[in-house]
1. So how many Å³ per residue does the convex hull of the Cα atoms of segment 77-127 work out to?
2. Pairs to check: Lys10/Lys31; Lys31/Lys66; Lys31/Lys172; Lys27/Lys66; Lys66/Lys172; Lys10/Lys66. Give those whose C-alpha atoms are more than 18 Å from each other in this structure.
3. Can you give me the convex hull volume of the Cα atoms of segment 1-78, divided per residue and expressed in Å³?
4. Rounded to the nearest whole Å², what accessible area per residue is found for segment 60-174 with the 1.4 Å probe?
5. Using a Cα-Cα cut-off of under 19 Å, which aspartates and glutamates could be cross-linked to Lys63, ignoring same-chain neighbours fewer than 8 residues away?
6. For the chain, set up a GNM with springs between Cα atoms under 10 Å and report which of Ser77, Ser45, Ser174 has the largest fluctuation.
7. Just the number please: accessible area per residue for segment 1-43, 1.4 Å probe, all protein chains included, in Å².
8. Relative contact order of the chain: what whole-number percent is it, with Cα pairs under 8 angstrom and at least 6 residues apart?
Amino acid sequence: ASDAEEMESKFRAVFKELSDETIAWSKSHAKTVNRSRFDLMDYASTLQDTFVPLGFARKEAAKLSKQMVALGLDLASFNNESEPETIARLQSAIIGNTETVRRYGIIITQATLNQELLNMGVAKGVKGASEAQKAIARLNIIMRSSGDAQGDAARTAESFANRLRGMQAQIKESSIVIGNVLMP
């Protein structure tokens, strides 16, 4: 409960006026994929705290954060990997450490990044792009390259592995509720 309280404090700080809307999304998406809303909120706050410093407006960053959380859950489910590690790999790739996502078949080289930026209308490509433009270009490549995995967490929510994740989510949710009652 204490960890959830601290996470929610960060969450509200980075989402500000978008907090309630993003909490509602977290609850809804968590139900769809059989996960803990607190985990989704934690992942979203981590990503929001990446996108905003890159220069994104808070509302655009919130949209991207939700998109990346959903993709992270899908990639983790598709590859039977840890969700926190997958989210961390996506976060790392967004800021430029693109080797972290190669394990998912996502290849971002200087040439593909430059081409994506040119496709986006950034005339000088990588040399003329802002950090936010580079992040969007990487995200575009990531989304295009991960098509097979997209939607996997919801599609396979009833698989044994994902039911187990769902059970762990329910235990976590219950622990937090009980902990909130017991906290001074």
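The values are calculated or read from the model by the stated rules, or taken from the named source; none is laboratory data. The structure presented is a predicted model; accordingly, all values stated were derived computationally and were not measured. Ideal geometry is used to build each Cβ from the backbone, glycine not excepted, and the neighbour counts take in all protein chains shown. All accessible areas refer to the heavy atoms of the entire protein, side chains included, with ligands and DNA or RNA removed. Shrake-Rupley method; radii C 1.70, N 1.55, O 1.52, S 1.80 Å.
1. 82
2. Working: Lys10/Lys31 23 Å; Lys31/Lys66 15 Å; Lys31/Lys172 14 Å; Lys27/Lys66 12 Å; Lys66/Lys172 21 Å; Lys10/Lys66 16 Å.
Lys10/Lys31; Lys66/Lys172, as the Cα separations exceed 18 Å there.
3. Working: hull volume 6.4 nm³, N = 78.
Taking only Cα atoms, segment 1-78 has a hull volume of 82 Å³ per residue.
4. On the way: 5640 Å² over 115 residues.
Value for segment 60-174: 49 Å² per residue.
5. Within the straight-line cut-off, Lys63 pairs with Glu8, Glu17, Asp20, Glu21, Asp39, Asp42, Asp49, Asp74, Glu131.
6. Of Ser77, Ser45, Ser174, the Gaussian network model singles out Ser174 as fluctuating most.
7. Numbers: 2200 Å² over 43 residues.
Accessible area per residue, segment 1-43: 51 Å².
8. Contact order relative to length: 27 percent.
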